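Single-structure report; data block below.
The values are calculated or read from the model by the stated rules, or taken from the named source; none is laboratory data. Small disclaimer: the values here were computed from a predicted structure and weren't measured. Neighbour counts run over all protein chains shown; Cβ positions are idealised from the backbone, glycine included. Surface areas here come from the heavy atoms of the whole protein model, side chains and all, with no ligands, DNA or RNA. Shrake-Rupley method; radii C 1.70, N 1.55, O 1.52, S 1.80 Å.
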Amino acid sequence: MPTPVSSPRLPALGFGLGLRVEHYEALLERPAGVDWLEIVSENYLVPGGLPLRWLERFRERYPLVMHGVSLSIGSTDPLDEGYLDRLHALARHVQPAWISDHLCWTGVEGVNLHDLMPLPYTEEALAHVVERVRRVQDRLGRRILLENVSSYVAFAGAQLSEWEFLAAVAERADCLILLDLNNVYVSARNHGFAPLDYLDGIPAARVQQFHLAGHEPGERLLIDTHDAPVADPVWALYVEAVRRYGAVSTMIERDDHIPPLPTLLDELAHARALAASVLREAA
Amino acid sequence: MSANLRALQQRMAQAVLDPRAPRPADILGDARAGADERLDVYRHGYRLRLAEALRVEFPGLARLAGEAAFARLLAAYVEAHPSGHYNIRWHGDGLPAFLERAPPWRRRPALAAMARLDWALSTAFDAADEPALARAELAAVPGDAWPALRLELQQALQVLPLAHNLEAIRRAADLGEAPPRLRRRRAERALLAWRQAHAVHYRLLDADEAVALAAAMRGEPFAQLCERLATLHAPASAAPRMVALLQAWLDGGLIRGWRIADG
Ligand SMILES: [Fe+2]
C-alpha cells in the first residue's frame with residue numbers, strides 16, 4: 001500500500017456553502033463570511049439556459065468546487081462514459097478547486113435508484129472501487145474526493161468497518177476524502193459504532209473537506225434529511241474532527257427546507273468560531 | 001470479478017424497485033431496527049424522491065388532476081417505470097406516454113396532453129442556447145432573394161395540438177391562481193412553446209399562424225409561406241399578415257437564422 005510522503009491535500013478554501021437556487025440572488029452580493037461555494041454538478045450538466053447563466057456569475061465571484069451524485073463509483077455496471085465526458089467538460093469550464101462524489105452505488109443494470117446506496121465492506125468491493133477510482137482520476141486528470149454516506153442497512157459478510165473501508169479506498173486509490181460529519185453521526189447511531197472510532201480511523205492527510213448538515217430526529221433509525229440545522233452532537237463531532245485533521249475546508253450543506261441565507265451564515269460563522277478556538281487551543 | 005457484489009446490488013435494486021420482492025437475506029437487522037424496517041427506508045425514499053422531483057416538472061398536470069389523483073398517478077408511474085437517467089428530472093420524459101397508455105388515466109386524454117405541455121416547457125428551460133436573429137439582419141436581405149429565403153427556427157421550439165383549454169390551466173398554476181374549468185374546444189388549437197433568452201414562453205397560435213409556422217418549420221421558402229396564407233386570407237391582406245407574423249416571430253426570438261436555397 002503506497003503511503004505518500006507528503007500530504008496530498010490541496011490548499012484549504014476556508015468556510016463555504018452549498019449553492020442552492022433559493023440563495024442565488026443573495027449570494028451574488030458576496031455576503032461576508034462565505035469563502036467559497038460547492039455546486040451540485042448535475043444541476044449544470046444541461047445543454048443551456050438559465051442554470052448555466054447563473055453559473056457564469058458565480059464562477060466570476062467565488063472559488064467553486066464540484067459535488068456530484070451520479071458517479072456510482074461502487075456500481076458493478078460499467079462507468080457511465082457519457083456522464084464522465086460531460087463532467088469533465090464542465091470541470092474544464094468551471095475550473096473547480098476539486099471534484100467530489102460519494103462512496104456508494106446509485107444503481108445497477110441501467111436502473112438509477114437516485115439514492116446513495118451503501119456498499120458491503122468486503123475486500124471484493126474494496127478492490128472494485130479502488131480500480132474504478134483510479135480510472136476516474138486518470139480520466140479527469142486529478143484526484144477526486146469521496147464522501148461517506150448515511151446508511152440504514154449493513155450487509156452480512158463485512159470484512160472491514162465503514163471507516164476502514166473508506167480509509168483503504170483513499171490510500172489504495174490515492175484519492176481524497178470528503179467527510180460528512182452528519183453522515184458519520186447518523187450512521188454511527190444506526191449501526192451502533194462510536195463516531196470517534198470512525199474519526200480515529202481516517203487518514204488525516206487525505207481529509208480535504210467537511211460537510212456539516214442536519215437530520216431528522218428519530219427514536220430508532222436516524223434519517224439523514226440534510227434539511228435541518230446542524231445538530232449539537234454533530235457540532236461536537238466537528239470539534240473532534242478539527243482537532244484531528246486541522247484546518248479543513250468546511251461547508252454547511254442544506255438540501256431541503258432551505259432557510260433564508262442569514263440563517264446559514266450564522267451556522268457557518270459558528271463553524272468558523274469553533275474551528276478557530278480548537279486551532280488556537282492546539283497552537 | 002465482482003460477482004458477489006453484483007449479485008448483492010441486483011438483489012438490493014430489485015427489493016427497492018419491487019416492494020413484493022423478497023428482502024435480501026444479507027441485510028442485517030439488530031435491536032435498533034429490524035432488517036425489514038431498514039430496507040423500507042430505501043423503498044420509501046426511492047418513491048418519495050422520484051415523486052418529489054416529478055411534482056416540480058408537472059405543475060399544470062397537478063392542477064388538472066387535483067392533488068390526490070396527481071399523487072396516485074405519479075406513484076403508479078414510478079412503480080411501472082424505473083428511472084434510467086442520472087438526472088432525476090429526466091424521468092419525467094416518459095410520463096406523457098404512460099398517461100396515454102395506462103388505465104384509468106388513458107380515459108382522460110387531457111391528462112396526457114397536459115403532461116406533454118408541462119414537459120415541453122420543462123425541456124425548453126435548459127435547452128441549448130441559440131442565437132436570435134435581429135430585425136436588421138433580415139432587413140439586409142435583398143428584395144429579389146426573399147421568395148427563396150428559408151427561415152431557420154429555434155431547435156427548442158415546440159408546437160402542441162390542444163383539444164382543451166390546457167394553457168389556461170397551466171397559466172393559473174404558474175400564477176398561483178385558481179384554475180378555470182377544463183373545457184373541450186370546438187376545434188383543436190395549436191400551442192407554441194419556446195424560449196427567448198432565458199425565459200420560457202407559451203401562447204396559442206391563430207389558425208393561419210399555425211399553418212405558416214408549421215410550413216416554416218418544414219423549411220418551406222418564404223414564397224410558399226405567403227401562398228399558404230393567401231389561401232386563408234383575402235388577396236390584399238395576405239402579404240401584410242405575413243409581415244406581421246414575421247415581426248412577431250422576430251420579436252419573440254423564434255428565428256435563429258436564414259438561408260437562401262432553391263428547390
Ligand atoms: Fe454530504
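Below, the figures for the structure above:
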{"read-out": "Where A:Arg143 falls short, out of the listed (1) more than 16 Å from the ligand (Cβ to nearest atom); (2) without any contact (Cβ under 8 Å) to a residue 24 or more places away in the chain; (3) touching a strand residue (DSSP E or B) at 6+ places or on another chain (Cβ under 8 Å)", "value": "(2)"}
{"read-out": "A:Glu281, sole failed condition from (1) surrounded by 15 or more Cβ atoms within 10 Å (Cβ to Cβ); (2) free of Cβ contacts under 8 Å to residues at least 12 places away in the same chain", "value": "(1)"}
{"read-out": "Failed condition for A:Ile39, given (1) over 23 Å from A:Asn112 (Cβ atoms); (2) more than 9 Å from chain B (Cβ to nearest Cβ)", "value": "(1)"}
{"read-out": "Tally, over region B:18-53, of residues that are more than 7 Å from every other protein chain (Cβ to nearest Cβ), open to solvent by less than 40 Å² (accessible area, probe 1.4 Å) and assigned to a helix (DSSP H, G or I)", "value": "4"}
{"read-out": "Filter pass, A:Arg53 being among the basic types (Lys, Arg) and within 23 Å of A:Asp35 (Cα to Cα)", "value": "yes"}
{"read-out": "Residues within region A:57-67 that are surrounded by fewer than 21 Cβ atoms within 10 Å (Cβ to Cβ) and within 16 Å of the ligand (Cβ to nearest atom), tallied", "value": "0"}
{"read-out": "Hits in region B:183-202 - residues which are open to solvent by 70 Å² or more (accessible area, probe 1.4 Å) and away from every other protein chain (no Cβ under 14 Å)", "value": "B:Arg183, B:Arg184, B:Arg186, B:Glu188, B:Arg189"}
{"read-out": "Boolean, A:Ser100 is within 16 Å of the ligand (Cβ to nearest atom) and within 11 Å of another protein chain (Cβ to nearest Cβ)", "value": "no"}
{"read-out": "Residue list for region A:169-199, restricted to those being open to solvent by 10 Å² or more (accessible area, probe 1.4 Å) and away from the ligand (no atom under 16 Å from the Cβ)", "value": "A:Glu171, A:Arg172, A:Asp174, A:Arg189, A:His191, A:Gly192, A:Phe193, A:Ala194, A:Leu196, A:Asp197"}
{"read-out": "In region A:203-214, the residues that are within 15 Å of the ligand (Cβ to nearest atom) and either in a loop (DSSP other than H, G, I, E, B) or within 12 Å of chain B (Cβ to nearest Cβ) (or both)", "value": "A:Ala213, A:Gly214"}
{"read-out": "Test: residue in region A:215-222 that is in contact (Cβ under 8 Å) with a residue 60 or more places away in the chain, outside any strand (DSSP E or B) and more than 11 Å from chain B (Cβ to nearest Cβ)", "value": "yes"}
{"read-out": "Index of the failed condition, A:Leu90 passing every other in (1) open to solvent by 10 Å² or more (accessible area, probe 1.4 Å); (2) more than 11 Å from chain B (Cβ to nearest Cβ); (3) within 17 Å of the chain's Cα centre (by Cα)", "value": "(3)"}
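Listed here are the residues, each with its yes/no results for (1) more than 14 Å from chain B (Cβ to nearest Cβ); (2) over 30 Å from A:Val153 (Cβ atoms); (3) within 16 Å of the ligand (Cβ to nearest atom).
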{"residue": "A:Asp224", "(1), (2), (3)": "no, no, yes"}
{"residue": "A:Ala228", "(1), (2), (3)": "yes, no, yes"}
{"residue": "A:Leu237", "(1), (2), (3)": "yes, no, yes"}
{"residue": "A:Val242", "(1), (2), (3)": "yes, yes, no"}
{"residue": "A:Met251", "(1), (2), (3)": "yes, no, yes"}
{"residue": "A:Asp255", "(1), (2), (3)": "no, no, yes"}
{"residue": "A:Leu261", "(1), (2), (3)": "yes, yes, no"}
{"residue": "A:Asp266", "(1), (2), (3)": "yes, yes, no"}
{"residue": "A:Ser277", "(1), (2), (3)": "yes, yes, no"}
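Table: residues versus (1) under 29 Å from A:Tyr44 (Cβ atoms); (2) of a type in the set (Gly, Ala, Ser).
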| residue | (1), (2) |
| --- | --- |
| B:Arg89 | yes, no |
| B:Pro96 | yes, no |
| B:Arg107 | no, no |
| B:Asp144 | no, no |
| B:Ala156 | yes, yes |
